[in-house]
Every structure is written in structure tokens, then in C-alpha cells.
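Encoded as C-alpha cells, the structure appears first; notes follow it.
The values are calculated or read from the model by the stated rules, or taken from the named source; none is laboratory data. Source: prediction; values computed, not measured. Cβ sites come from the backbone with ideal geometry, for glycine too, and all protein chains shown count toward neighbours.
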Amino acid sequence: MKSANCSLHNSQIYKVNHKIDFFSGDVMCMKNLVGDIVFLNPDFSYYTNPKDHGNNKDFSVFNHTKQNLLKLIAKAFCISNKIALKLPGFTNIDELSELFHLSLKESRM
């Protein structure tokens, strides 16, 4: 089940679906949308096993996807200042604060 469908289903179970509007799609194509929170679930299927990438056991947002993630998060900041980002479990979390800081700067340009 896709994330938005799962969230909609859960909102119906907990009887809060009348309070929530769900939009699903490419955030880069959404215009004039304002929301309380943006859930980003980018495709990282091309990078699934840290063993396939030499000695680097962590997924580095700067080495692998920096420009794409910067643009994606910057666009999400135009919709809401609350963002949830799904990343591989072996992501180097030390890089995330810098990534979000750079994305916020880019969103204000």
C-alpha cells in the first residue's frame, strides 16, 4: 500500500479523515500548495546495500544525492516548515542538519 493510501486508511480508522486532506504525487510538480506537514519518500532503490559501495558503510546524502535532495527539500519547505523524509536506514545522520539548512536557504532564494 502506498504511503498516502496507508495514511488515509489510518485516518479513517481513527475517525480524523474529515480533518485531513491528502495530496500524493511529485512534490516538484505541486504549485501553490500549503500544508501542515510534507512527507517525502524519495526512491533510493538504486542504493540498497552499503556492502555494494566499498568501505563506506553509511549512505551519504552529499556523495550520492545532494543536489536532488536539496531541490526536493527546498520545494517541500515552500509547502510547510515541517518535513518528514524517509531515508535508507544506514544514512549518515550527521549530514542531515546541514542538508536541511542548505535546503531552507535555497527555498528562500
List every residue pair whose Cβ atoms sit under 8 Å apart, with the two residues 6 or more apart in sequence or on different chains, where the first one lies in the range 79-96 and is of a type in the set (Ser, Thr, Tyr) and the second, anywhere, is outside any loop (DSSP other than H, G, I, E, B).
80/38; 91/59; 91/61
Residue list for the range 1-59, filter: modelled with pLDDT under 85, surrounded by 11 or more Cβ atoms within 10 Å (Cβ to Cβ) and over 20 Å from the mean Cα position of the chain (by Cα)
50, 53, 56
I'd like to check something: does the range 3-24 contain any residue that is touching a residue at least 24 places away in the same chain (Cβ under 8 Å) and touching a Lys or Arg at 6+ places or on another chain (Cβ under 9 Å)?
yes
Going through the range 61-84 in order, the residues found to be at pLDDT 75 or above and either in a loop (DSSP other than H, G, I, E, B) or in contact with a Phe, Trp or Tyr (Cβ under 6 Å, 6 or more places away or on another chain) (or both) are 80, 81, 82, 84
